[in-house]
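Take a look at the structure below.
Every number here is computed from the coordinates shown, using simple stated rules; none is lab data. Given the structure is predicted, the values throughout are model-derived calculations rather than measurements. Cβ atoms come from the backbone with ideal geometry, glycine included; neighbour counts cover every protein chain shown.
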DNA sequence: GTGAAAGCGCTAACAT
DNA sequence: ATGTTAGCGCTTTCAC
């Protein structure tokens, strides 16, 4: 039992393919009776249109390709949820691919996705190698680079400056009186944005004549367990730190648990600072500092830009939307409470 | 500058469309020189094949449709990562949709995905309403219902019994000497699997002549913050519980943090039990009980089944793969020490 | 308001 | 080893 085609539905309803097509798409100029007859036939036959044919014929698709590096960190699913929600009601459909932080795999996934002729593509970060950039440019569709701003965008760009986030956090922590800093991170050669935060943090430390007293970076991906393990080791070696900066909140939470296990007072003795502003952080048994990255909002804004660009808005290309992360969890420090993101045009 | 078609590449290389097609797909019977000439032309022109045309013409796609209820709980992204990894190298591509725990939205998403003529579809749970089931059956492709086993499968089924997981946990906790139980959950009318766990848990309690001394169920989705809030309220009302069962580990972790804030000893005074075996649980400052659900493995197995079914394996339909969650975090209780989840077939 | 013809970009099947 | 013909299922365009 093969699936019914539009033609079969049309025959069943006693009309031509064309009329059936119009009726099912709710075109204005089809008589009410005809329309009802067609719809009845389609329903009875469990007709499901063939989008391959539709898109090939009409030369447009409702597909928005999205490539993220990972699904193991809640951050990216949240971005995807934002994109998906932002696309809701537009008739567009997001298609997700996972690159595993691998540039070659990312290139292949992008190539594969482009072959489906998406109407737009959203990728993570702006550090794609030249070959991938060329691929993206040749596609001739809106390209959105998401989550990061530190680099040269191809087309649209939505995100925050990770270098800036690191700088701001360092300033806040030094301002809070901390001087003996440690750094705990993971997979920095893959997670480039974490590296940019670290670099920004160090720039500010140096400007104060300070530096990381101790650093510990593992090859594995970030996790609470890893953060805990590295922190236990670091505090065994260098007990007199007064602040540890982590590559993200997962690692930082592990750091907090390590301190609790060692009986080290947080934040009195050691201040723990991460990045992301995960839900988790608000419920932890002790306060840790973090920069809140608006993950869902970035996804929603990206979806919004896609909708505008696809709708053909003139000013919907070559634009950059800047988010500013808000720092929380540092006693006495108050960062412009929940300031909304600003969108500024690029020169 | 429109995108080049196969025909244009063929002309450029001085051959026919067909030869170009064969050359690019690596068909055996194309002379080496011709192949190289075609590939060179395609590369130079940045040719990207049009999968719409390919799939329409060849009557097959490499798309595997996947529908999950949410992206806000790390559990589903982990399943997706498993599916994606399991599909790697097969040439198949997963396409994800999010239903937001809404059956109507799920139906629409499934309909939309089916219109792309996927070669298989994976959905979450087996509680789809009749209309959705009909849609799935009419698609005439392998259907995999994932994560749950408690119900009647349409075709393939991979998961664990949530009712059974609740029962096992209750038996383990009663066996550990607990008697005064509380229950803290959320969104049970949407998260049916959590409801099944609760029901299973209660069945066993009743068989021991026990019951939940107190229950607290919120409409909002599960989160650490919600688990903490509900637990604080419950312990204020009923301080003499000796165990609380939560709808999942997020809620349970919040419960632990609530206990810590109140100075209630965990697990000595109150035993906290959740579900999922999240990474987080292993790093928490106090042990909590949980049933480890093999999320990534379920995704990988589902992908495996899809590959077999699409490859046309005869025994690749109407099959059920059963996973057995392992209970951890109960002192003195050892559930087949880290035995790999068994996948066994059901008649 | 409805229909017929042409074609989207590719591959399957059959030439040669 | 290469080319030709005929679609795949739909929409676009133009006719009536």
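In this assembly of identical copies, the label point of residue A:7 (Cα plus 7 Å along Cα-to-Cβ) is separated from its counterparts by 2.1 nm, sorted shortest first.
Projecting 7 Å from Cα along the Cα-to-Cβ direction, the label point of residue A:237 sits 5.1 nm from its equivalents in the other copies, listed shortest first.
The GNM of chain B, with springs linking C-alpha atoms under 10 angstrom apart, assigns the highest mean-square fluctuation among B:153, B:287, B:239 to B:239.
Would you mind telling me the antiparallel percentage of the DSSP bridges in the stretch A:162-292, rounded to 5?
So the antiparallel bridges in the stretch A:162-292 amount to around 0 percent.
Between the stretch A:119-196 and the stretch B:18-95, the alpha-carbon centres lie 29 Å apart.
DSSP assigns beta bridges within the protein assembly as shown; of those with both partners inside it, close to 15 percent run antiparallel. If one puts a single equal scatterer on every Cα of the stretch A:60-163 and applies the Debye formula without solvent, what log₁₀ I(q)/I(0) results at q = 0.21 Å⁻¹? Scattering profile of the stretch A:60-163, log10 relative to I(0): -1.17. Computed over chain A, relative contact order equals 15 percent, with contacts defined as Cα pairs under 8 Å that lie 6+ residues apart.
On a 0 to 90 degree scale, rounded to 10, what angle separates helix B:295-310 from the longest Cα axis of chain B? Tilt relative to chain B: about 40 degrees. Note on residue B:179 and residue A:17: the model spin-label points, each 7 Å out from Cα along the C-beta direction, lie 7.7 nm apart.
Per residue, the convex hull around the alpha carbon atoms of the stretch B:6-49 comes to 55 Å³. Counting only the backbone N, which residues of the stretch A:56-82 are under 13 Å from the spot 7 Å out from the Cα of residue B:5 toward its beta-carbon? Zone members listed by number: A:56-59. Averaged over peptide B:69-79, the number of partner chain Cβ atoms lying within 10 Å of each residue's Cβ comes to 5.
Relative to the longest principal axis of the Cα atoms of chain A, the long axis of helix A:249-262 makes an angle of roughly 40 degrees. Angle, helix A:224-237 long axis vs. longest principal axis of chain A, Cα atoms, 0 to 90°, nearest 10? It works out to around 20 degrees.
Return the average number of partner chain Cβ atoms within 10 angstrom of each residue Cβ along peptide A:106-116.
The per-residue average across the peptide is 4.
Given Cα pairs under 8 Å that are at least 6 residues apart, what percent is the relative contact order of the stretch B:6-49?
42
Quick one: compute the contact order of the stretch B:1-159, relative version, from alpha carbon pairs under 8 angstrom and 6+ residues apart, as a percent.
Working: 209 pairs, mean separation 26.6, N = 159.
Worked out over the stretch B:1-159, it gives 17 percent.
Note on residue B:199 and residue B:331: with the Förster distance fixed at 22 Å, the Cβ-Cβ geometry gives a FRET efficiency of about 0.25.
Nearest 5 is fine: what % of DSSP beta bridges in chain B come out antiparallel, could you say? So the antiparallel bridges amount to about 10 percent of the total. Please compute, over every Cα-Cα pair in the protein assembly as shown, the percentage with a separation greater than 44 angstrom. Roughly 29 percent, rounded to a whole number. If you run the Gaussian network model on chain A, springs between alpha carbon atoms under 10 Å, then out of A:295, A:107, A:25 the most flexible one is A:25.
Ascending distances from the residue B:151 label point to its copies in the other chains, with the point 7 Å along the Cα-to-beta-carbon line: 4.2 nm.
Computed over chain A with a Gaussian network model linking Cα atoms closer than 10 Å, the most mobile of A:256, A:135, A:114 is A:135. Relative intensity of chain B on a log10 scale, I(q)/I(0) at q = 0.07 Å⁻¹, equals -0.40, per a Debye sum over C-alpha point scatterers of equal strength in the absence of solvent.
Over the C-alpha trace of the stretch A:1-145, radius of gyration and Dmax come out as 19.7, 57 angstrom. Eigen-decomposition of the gyration tensor built on the alpha-carbon atoms of the stretch A:162-292 gives equivalent ellipsoid semi-axes of 19, 17, 14 angstrom, largest listed first.
FRET efficiency for residue B:108 and residue B:152, Cβ-Cβ distance as r, R0 = 25 Å, nearest 0.05?
0.60
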